[in-house]
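Engineer: Input: one structure, supplied below.
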Amino acid sequence: FVEAGDIYGFIGHNGAGKSTTIKSVAGVLEFEEGTITIDGIDIKENPVACKKCMAYIPDNPDLYEHLTGIQYLNFIGDIFEVEASVRKERIQRYGDQFALTGALGDPVASYSHGMKQKLAIISALIHEPKLMILDESICWAGSEGNAAFEKTSMHEMCSKRMRLFFSPPMLLDVAEKLCNKVAIIKDGKLVVSGEMESILKDASLEHLFMEVTEHEK
């Protein structure tokens, strides 16, 4: 379970099934077995209601590059029916937080890769979702030397009762400090999940990951 306030890390080797699982949770891929519920709503039975209360950012988000940054954010605000005054305040706040306010009048096509990732993050926060799903390196969109999703930002969002479910790059020392819960997947199967402290005990996340992925118990 990913509960309100959780920062939940979902880790595994390439090909383990992380992105497939994340896309299924986000309603992008069909799945044959099991159920996925978001805020008590079944993703198969009512996908639109689920998507209204979540935000999904893939590793390489596709943006409408012919729009300016502010036009794109307003477009997303329209989709989620965010009130104009509320939207304006949030765009200003998150634009300043991610150092993108000065570039919002520029075409998205002119943005660097890191700026595009920051714009995707801000667009996901416009409607303040109950669940945010992040895939891979979007969590560390800081190739320009200023990580967009640093630890303080994640904890600030989750303090507002948001749930954060993400697949971090293989920076297990960072994930260990950041997450309060973790799950490890191997060959499409969940091999470890739960509270970080109770799972690790005196070990490190890197040690545990190597142990369960090389010698599944």
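The values are calculated or read from the model by the stated rules, or taken from the named source; none is laboratory data. Quick caveat, the model's predicted, so the values are computed rather than measured. Quick note on the areas: whole protein, heavy atoms, side chains included, nothing else; ligands and nucleic acids left out. Shrake-Rupley method; radii C 1.70, N 1.55, O 1.52, S 1.80 Å.
Engineer: Determine the relative contact order of the chain: mean sequence separation of Cα pairs under 8 Å and six or more apart, normalised by residue count, in whole percent.
Structural biologist: Relative contact order, the chain: 32 percent.
Engineer: Hey, another quick one. Might you work out the accessible area of Ser85 for me, using a 1.4 Å probe with all protein chains in place, and round it to the nearest 10 Å²?
Structural biologist: The accessible area comes out at roughly 70 Å².
Engineer: So, with a 1.4 angstrom probe, what is the percent of accessible area on the chain that is carbon and sulfur?
Structural biologist: On the way: 5670 of 11280 Å².
In the chain, the share of accessible area belonging to carbon and sulfur is 50 percent.
Engineer: Once ligands and nucleic acids are excluded and a 1.4 Å probe is used, how much of Arg87 is accessible, expressed in Å² to the nearest 10?
Structural biologist: 30
Engineer: While we're on this one: At 1.4 Å probe size, what's the solvent-accessible area of Asp106? Round to the nearest 10 Å².
Structural biologist: Roll a 1.4 Å probe over it and Asp106 shows about 70 Å².
Engineer: Can you tell me the orientation of helix 84-97 relative to the chain, as the angle in degrees between its alpha-carbon axis and the longest Cα principal axis, to the nearest 10?
Structural biologist: 60
Engineer: Measuring with a 1.4 Å probe in the full set of protein chains, what accessible area per residue, in whole Å², belongs to the chain?
Structural biologist: 52
Engineer: For the stretch 1-139, what D do you get in µm² per second when you plug the Kirkwood radius from alpha-carbon pairs into Stokes-Einstein at 4 °C and 1.567 mPa s?
Structural biologist: For these conditions, the coefficient is 81 µm²/s.
Engineer: May I pose another question? For the chain, with a Gaussian network of springs between Cα atoms less than 10 Å apart, report the residue from Asn74, Asn180, Asn46 with the top mean-square fluctuation.
Structural biologist: Asn46
Engineer: Then there is this: Sort His127, His13, His66 from largest to smallest accessible area, using a 1.4 Å probe on the heavy atoms of the protein chains.
Structural biologist: Numbers: His127 30, His13 95, His66 145 Å².
Correct descending sequence by accessible area is His66, His13, His127.
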